[in-house]
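The next block holds one structure in the form of structure tokens; read it before the comments.
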Amino acid sequence: MSFTKLLESWPVVRQLREGDPLGLGRAAQSPKSRELKPRIAEADRVAQSICPFCAVGCAQLVYVKGGEVIQVEGDPASPISRGRLCPKGAATKNMHAGPLREYKVKYRRPYGTHWEELPLDQAMDMIVDRILQTREETWQEETPEGHPGKRTMGIANLGGATLDNEENYLIKKLLTALGVVQVENQARI
């Protein structure tokens, strides 16, 4: 390499020659960084969504390519989050298509030492049978003080931060119809 070429490759010389004296623009880029493109550049479409993790309701932009989610980012047009996401919201793509996501029902029998896979229909039937049996066994027409009860104290529900308002509404209506009064929700981040 000649001395002239070596001198021209120095960042300070490039900064002055390219009109970037502070080295904040082109002079600071390497040939490799000039070729970089954002992940979202290849997206076929962008879907607007809401983060499912808490009650704040941060808006998200979901970038899709070939029917697959390739990136999830905060929506700058949102008056709530102004394009920002917390760490959980920023990891929403992993919830959708992460390598650790389970796609089959897992069940571990009482005193069991391993998980087994069950068909979804069988798992749903097991849940229904247990709810109905527990409700029947613990139903209280009256409270211990003699007041009308019409409730079960043998079933409780704890909701989580990944439930949206509509899901919480439907779950609460179901639980009320079943006579469940111990209903709580942990919707904090």
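For the stretch 11-115, the list of GluC sites (Glu not before Pro) that fall in a loop by DSSP and count at most 14 other C-beta atoms within 10 angstrom reads Glu18, Glu102. Comparing Asp125, Asp44, Asp75 in a Gaussian network model of the chain (Cα springs below 10 Å), the most mobile by mean-square fluctuation is Asp125. Along its three principal directions, the equivalent ellipsoid of the stretch 39-97 from the Cα gyration tensor extends over semi-axes of 19, 13, 8 Å, largest first. What FRET efficiency comes out for Met95 versus Gln140 if R0 is 35 angstrom and r is the Cβ-Cβ distance? Round to the nearest 0.05. It comes out at approximately 0.35.
For the stretch 116-160, backbone nitrogen atoms closer than 18 Å to the point 7 Å from Arg109 Cα along Cα-to-C-beta are found at 116-120, 122-127, 130.
Considering only Val69, Val105, Val12, the Gaussian network model of the chain with Cα springs below 10 Å gives its largest mean-square fluctuation to Val12. Taking the inverse of the mean 1/r over every pair of distinct Cα atoms in the stretch 85-133 gives a Kirkwood hydrodynamic radius of 13.4 Å. Over the residues of the chain, the helix contribution to mean residue ellipticity at 222 nm works out to -9000 deg cm²/dmol, using -39500 (n - 2.57) for each DSSP H run of at least 4. Restricting the stretch 141-189 to GluC sites (Glu not before Pro) that sit in a DSSP loop and have at most 10 other Cβ atoms within 10 Å of their own Cβ leaves Glu145.
Over the chain, what is the relative contact order in percent, taking alpha-carbon pairs closer than 8 angstrom and at least six residues apart?
With pairs under 8 Å counted, the relative contact order is 14 percent.
The string of couplings for the stretch 67-80 from the Karplus curve (6.51, -1.76, 1.60, θ = phi - 60°) is x, 10, 6, 10, 6, 10, 9, x, 8, x, 7, 6, x, 7 Hz, one whole number per residue in order, with x for Gly and Pro. For the stretch 121-185, the pair-distance distribution built from all alpha carbon pairs, in bins 5 Å wide starting at 0, is 4, 16, 22, 22, 20, 10, 5, 1, 0 percent.
Positive contributions from Lys and Arg (+1) and negative ones from Asp and Glu (-1), summed over other residues with Cβ under 14 Å from the Cβ of Met95, come out at +1. Taking 0.36 nm per residue of separation and subtracting the current Cα-Cα distance, fully stretching the chain between Ile127 and Gln182 would add 18.0 nm. A convex hull fitted around the alpha carbon atoms of the chain yields 245 Å³ per residue.
Helix 120-138 axis versus longest C-alpha principal axis of the chain: approximately 40°, rounded to the nearest ten. For the chain, the longest principal axis of the Cα atoms and the long axis of helix 165-178 meet at an angle of about 10 degrees.
Where a number appears in this text, it was derived from the coordinates with a stated rule and is not lab data. Small disclaimer: the values here were computed from a predicted structure and weren't measured. Counting neighbours? That spans all protein chains shown, and the Cβs are built from the backbone with ideal geometry, glycine included.
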